[in-house]
Amino acid sequence: MKVALFVPCFINAFSPEVGIATLELLEKLGCEVDYPLDQTCCGQPMGNSGCEKEAAATEELFVRNFQGYDFVVSPSGSCVHHVRDHLTACEQSHQARAVRAHTYELVEFLHDVLEVREFPWAEFPHRVGLHNSCGTLRALRTAKMSEIEEPFFSKPLALLKHVKGIEFITPDRPDECCGFGGTFCVTEAAVSARMGIDKVRDHQRHGAEYIVSADSSCLMHQKGCSDRLSLGLKFIHIAQILNGARA
Amino acid sequence: MKRVDHAAKAEKFVGDTKHIEFHDKRLWELRTSRDTEVHGIPEWEELRSLASAIKGHTLTHLADYLEEFERNAVANGVVVHWAKDAEEHNRIVHQILSERGAKLLVKSKSMLTEECEMRPYLEARGITVVETDLGEQIQQRDNEMPSHIVVPAVHKLATDVAKVFAKTIGTDPNESSIPALAEAQRQVTRPLILKADAGMTGCNFAVAETGGITVCTNEGNADLSANVPPLHIASIGIEKLIPKLEHLGVFIRMLSRSALGSPITQYTSHFRGPRAGGELHYVLVDNGRSARLAMDDFWYSLKCIRCGACMNTCPVYRRSSGLSYGGVYAGPIGAIINPTFDLKKYSLLPFASTLNGSCTNVCPVKINIHEQIYKWRQIVAEKRELPFVKQSAMKVAGQVLSSPKLFRAAVEVADTAVAKLPRAVLYNPLNVWGKQRELPEAPKQTFRDWFLERSKK
């Protein structure tokens, strides 16, 4: 199974540990992982701003970098959502369509494709609040959404419950968007920050030590809010916990 | 028209702790009440599909259903008028009133008459218009637009209402108990209803096969407005049509559950013809609806039954309030409807969203609201209505992110800046992120550098 690792631009620059954990975890699970060296970004910042014309070249580059693999895996729900559902600025060639169909967010790749349920090396003796990003929750559908009448399921919980010692807290509004929203975080900075502050306080009120998520962008935003308020919350990507991080 | 600056208005609202906390909490309560009500109906998701399909069918056969509705209404003794836009709607209403020498009009809440700006039109022509819905009257007395389509004054605290009433109906400004305020409004409004020459209502559903309309309220004020005066005028958007009476069984089950989390509104009133000795007039209004019906990506928004569920669930709306949207419709539904009226004026509304998708999930008629918001952004960009800074930033981003070399250089600059620049420089006034949030720390090396180093070993 030939897997290409897509490490989104902001993870490459600001949270390399998330990329490292993803790569190590996939290798532990027996995948042959390539990291195409010329990768940059999926085009989401332009696409979400309505700028299809400006997104086209970046999307073309994404397709060139990631064509020919069985799977493209990324530790970022919103980027995978963009590739799968919104990579419309580039030419919809056979390659583009194949790349879009074969791109997976890490949790769904582990849960649905590799069907992993055991992480014998993983132990995380902490109280954590799980933040399902809107990209994973409502776009990639990795868990039950609170607005919809459907049976309970949660792919991230199905994986995390096999981690020794982990304890979960339930915030009052588990599904509420944290307010990152891409360029929204600067164009609507006041509302964005307020949403982030409400989110981290909700988790803190319920006794979380860590907030864990499959999206680093949400974590970066929430950490920014929490640190400014000196709440003492810690933030970790699900890849790191599943890869065996202890703290 | 000047562009509505949602972010600036929202920032002001966010800065007012008392109001934002109440607003967010109150509307979140409506959302959770909705969830509780919906959990009690195992076939809820099926109902949503059914409601969406009925609306979809009606909209794709709209001309036929409108004619059927008119035929049946006329047979019931209703006078039917057609208005192509707001101006024509207002003129028709004014003509009906002036021909009968009507000077006082009492009305229940109607988003359509807000859309048509009917109140100022009639008032300029010597007709007194009284909103009989409590929230709507608060807004009328305060000279503000409704901030929510179901709870129009939800952005106000009881103490704000006390001030408005003290100024306009002479109550004690320090008396802010809600029953006392509601009673005061009742005492000034009931005599006006008794004196009124004409009454006006909106319409929640217009049934083609019967020619009747259904109006849902919680205060009974629509029934008083429609039944006390001898003349009843109903303003009806042409998208309100449903084919059959039995379809009400779907929509009535969903409307109040979605809106307020109650099984049904206190009053669900059906009007089919004039009372003995009275008159009933329908004004069927297009005002941009048929143009929207012709838009490939956006015609779906005409399915809206104005329940406000998308507003209650929207984390951005709850933290910015309806007035920050600067239009008749606020929240997610406003972000996709207002631009059809005036793209330039409302070009920033599609950006007042994180695209989180909760609005789409609660919509009882399954309007793909957040996907339409995404599409509207493309139209705003295509029509070159993006703010200059954003347009330029996206152009640069597109160039940098499509070039591996430029990208790597930019990453290095960013990491170095975060690592090396002193705090005072880093958190300068231009750093919008840093106003209320810490920047991420710069790592020792990028993922790519780590990967290259590992490959060498």
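Of the residues making up segment A:219-240, one or more are buried (at least 24 other Cβ atoms within 10 Å of the Cβ), in contact with a Cys (Cβ under 7 Å, 6 or more places away or on another chain) and either charged (D, E, K, R) or over 13 Å from A:I166 (Cβ atoms) (or both).
If a residue must be out of contact with any Gly (no Cβ under 9 Å at 6 or more places or on another chain) and either under 15 Å from B:R289 (Cβ atoms) or in a loop (DSSP other than H, G, I, E, B) (or both), how many such residues does segment B:115-124 contain?
Step one: of segment B:115-124, the residues out of contact with any Gly (no Cβ under 9 Å at 6 or more places or on another chain) are B:116-124.
Now drop any that are not either under 15 Å from B:R289 (Cβ atoms) or in a loop (DSSP other than H, G, I, E, B) (or both), which leaves B:116-117, B:124.
Residues flagged as out of contact with any Gly (no Cβ under 9 Å at 6 or more places or on another chain) and either under 15 Å from B:R289 (Cβ atoms) or in a loop (DSSP other than H, G, I, E, B) (or both) within segment B:115-124 amount to 3.
Restricted to helices (runs of 4 or more DSSP H) entirely inside segment B:270-389, those with at least 3 residues that are under 18 Å from the mean Cα position of the chain (by Cα) are B:309-313, B:315-318, B:331-341, B:358-362, B:369-382. Those strands (runs of 3 or more DSSP E) of segment A:140-247 in which 2 or more residues are within 13 Å of chain B (Cβ to nearest Cβ) occupy A:234-237. When restricted to residues that are in contact (Cβ under 8 Å) with a residue 40 or more places away in the chain and in a loop (DSSP other than H, G, I, E, B), segment A:109-139 contains 12. Select from segment B:329-346 the residues that are surrounded by 24 or more Cβ atoms within 10 Å (Cβ to Cβ) and among the hydroxyl-bearing types (S, T, Y) and write down the one among them that is nearest to the other protein chains (Cβ to nearest Cβ). Once the filter is applied, the top-ranked residue is B:Y346. In this structure, is B:K395 under 28 Å from B:D5 (Cβ atoms), basic (K, R) and at the interface with chain A (Cβ under 8 Å from one of its Cβ atoms)? In short, yes. Restricting attention to segment B:412-449, the residues that are touching a helix residue (DSSP H, G or I) at 6+ places or on another chain (Cβ under 6 Å), β-branched (V, I, T) and more than 7 Å from chain A (Cβ to nearest Cβ) add up to 0.
Using the structure shown, decide if B:L421 is closer than 26 Å to A:R228 by Cα and of a type in the set (A, V, I, L, M, F, W, C). So B:L421 passes the test. Return yes when B:G278 is over 13 Å from B:V106 (Cβ atoms), touching a residue at least 24 places away in the same chain (Cβ under 8 Å) and surrounded by fewer than 23 Cβ atoms within 10 Å (Cβ to Cβ) and no when it is not. Yes.
Taking the criterion of being within 14 Å of another protein chain (Cβ to nearest Cβ) and β-branched (V, I, T), the only residue of segment A:105-139 that qualifies is A:T136.
Name the single residue that is farthest from B:Q378 (Cα to Cα) among those in segment A:64-94 being among the charged types (D, E, K, R) and touching a Lys or Arg at 6+ places or on another chain (Cβ under 7 Å).
Just the residues of segment A:64-94 that are among the charged types (D, E, K, R), to begin with: A:64, A:70, A:84-85, A:91.
Filter once more, so that each one left must be touching a Lys or Arg at 6+ places or on another chain (Cβ under 7 Å): A:70, A:84.
Working: A:D70: 32, A:R84: 18 Å.
Going through the qualifying residues, I end up with A:D70.
Could you tell me which residue of segment A:1-17 is nearest to B:F447 (Cα to Cα), considering only residues that are more than 8 Å from chain B (Cβ to nearest Cβ) and of a type outside the set (A, V, I, L, M, F, W, C)? If we take residues in segment A:1-17 being more than 8 Å from chain B (Cβ to nearest Cβ) and of a type outside the set (A, V, I, L, M, F, W, C), then A:P8 is nearest to B:F447 (Cα to Cα). Being more than 11 Å from chain A (Cβ to nearest Cβ), within 24 Å of B:F351 (Cα to Cα) and either modelled with pLDDT under 95 or over 19 Å from the mean Cα position of the chain (by Cα) (or both) is a description that does not apply to B:H23.
So that you can scan it fast, the table gives a plain yes or no per residue for (1) more than 7 Å from every other protein chain (Cβ to nearest Cβ); (2) in contact (Cβ under 8 Å) with a residue 12 or more places away in the chain; (3) within 26 Å of A:R138 (Cα to Cα):
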position	(1), (2), (3)
A:G19	no, yes, yes
A:T22	yes, yes, yes
A:L26	yes, yes, yes
A:E32	yes, yes, no
A:C42	yes, yes, yes
A:E52	no, yes, yes
A:F62	yes, yes, yes
A:F66	yes, yes, yes
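Test B:T113 against the stated conditions and say whether it is crowded, with 20+ Cβ neighbours inside 10 Å, in contact (Cβ under 8 Å) with a residue 12 or more places away in the chain and touching a Ser or Thr at 6+ places or on another chain (Cβ under 6 Å). When the stated conditions are applied, B:T113 passes them. In segment B:380-388 there is no residue matching the filter, namely being facing chain A (nearest Cβ under 8 Å) and under 15 Å from A:F10 (Cα atoms). Among the residues making up segment B:242-262, those that are farther than 17 Å from B:G220 by Cβ and either without any contact (Cβ under 8 Å) to a residue 12 or more places away in the chain or part of a loop (DSSP other than H, G, I, E, B) (or both) are B:P243, B:K244, B:E246, B:G249, B:G261. The condition of being of a type in the set (A, V, I, L, M, F, W, C), more than 14 Å from every other protein chain (Cβ to nearest Cβ) and within 23 Å of the chain's Cα centre (by Cα) holds for only one of B:A73, B:A53, that being B:A53.
Of all positions in segment A:95-115, none carries a residue that is closer than 30 Å to B:K435 by Cα and basic (K, R). The condition (being more than 30 Å from B:L47 (Cβ to Cβ) and either among the small types (G, A, S) or touching a Gly at 6+ places or on another chain (Cβ under 8 Å) (or both)) is satisfied by just one residue among B:L439, B:L452: B:L439. Among the residues making up segment B:347-379, those that are touching a residue at least 40 places away in the same chain (Cβ under 8 Å), facing chain A (nearest Cβ under 8 Å) and within 21 Å of B:G326 (Cα to Cα) are B:F351, B:A352, B:W376, B:I379.
The values are calculated or read from the model by the stated rules, or taken from the named source; none is laboratory data. These figures come from a predicted structure and were not determined experimentally. For neighbour counting, all protein chains shown are included, and Cβ atoms are generated from backbone atoms with ideal geometry for every residue, glycine included.
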